[in-house]
Amino acid sequence: MINFFKTRKILLLTLLAAAVTVGIIFLLFGADSEVNQKNLDFIRSYGWEVEENPTEIARLTIPEEFDTVFNAYNELAQNAGFDLTPYKGVKATRYSYRVLNHQDSDSGLIRANIFVTKDGIAAADISSLELGGFLIPISDTSGQIPAQ
């Protein structure tokens, strides 16, 4: 009888610890609904349609010194009215959303990426995850399928 209660207590504690762990993971890595809505509104302001929830959320630090890749990305960002230069060394979160109205959306590999810092949106782009894909400013709507 004592063994039954001991086993039950251990099982309950294990389940409680698992629930707390899952909760912490959702808090740390889930999309805050207010930030998510701002991201969606921003993306849609350019005419892009995306899924409601991000397919990926990644935490990163914008490098203190830009290499050729970051210089090229910053040039692309500047074409859309952004500049990452003031954000050197700043922590950011990249939210990636599946794009639904790009001419190549059937592949399921077209993403809208939003880089958010504590000050708001720092940069945004549309990209293809396909080998040899593309990366364009969010303001480049040339590949958009017109709304019907």
Identify, please: which residue in the stretch 116-128 is over 13 Å from the mean Cα position of the chain (by Cα) and in a strand (DSSP E or B) and is, among those, nearest to I62 (Cα to Cα)?
-> G120
Say whether the condition of being farther than 18 Å from L129 by Cα, of a type in the set (S, T, N, Q) and touching a Leu at 6+ places or on another chain (Cβ under 9 Å) is met by at least one residue in the stretch 46-69.
-> no
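For the stretch 119-139, name all the residues that are among the charged types (D, E, K, R), under 22 Å from L84 (Cβ atoms) and at pLDDT below 95. Quick ask: steps written out before the conclusion?
Here is the first cut: in the stretch 119-139, the residues among the charged types (D, E, K, R) are 119, 125, 130.
With under 22 Å from L84 (Cβ atoms) added as a condition, the list becomes 119, 125.
Matches in the stretch 119-139: D119 only.
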Would you mind telling me which numbered condition in (1) modelled with pLDDT of 95 or more; (2) assigned to a helix (DSSP H, G or I); (3) over 14 Å from the mean Cα position of the chain (by Cα) K38 fails?
-> (3)
For residues that are outside any helix (DSSP H, G or I) and surrounded by fewer than 16 Cβ atoms within 10 Å (Cβ to Cβ), tally how many sit in the stretch 91-115.
-> 5
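Going through the stretch 129-148 one residue at a time, which ones are closer than 19 Å to N74 by Cβ and outside any loop (DSSP other than H, G, I, E, B)? I'd like the intermediate steps shown before the answer.
Kept after step one, since they are closer than 19 Å to N74 by Cβ, are these residues of the stretch 129-148: 134-140.
Residues satisfying the conditions are L135, I136, P137.
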Has the stretch 59-81 got at least one residue that is assigned to a strand (DSSP E or B), farther than 12 Å from A123 by Cβ and in the same structural domain as R111 (by TED's automatic domain parsing)?
-> yes
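The values are calculated or read from the model by the stated rules, or taken from the named source; none is laboratory data. On a predicted model such as this, the values are computed, not experimentally measured, just so you know. Please note: Cβ atoms are built from the backbone with ideal geometry, for glycine as well, and neighbour counts cover all protein chains shown.
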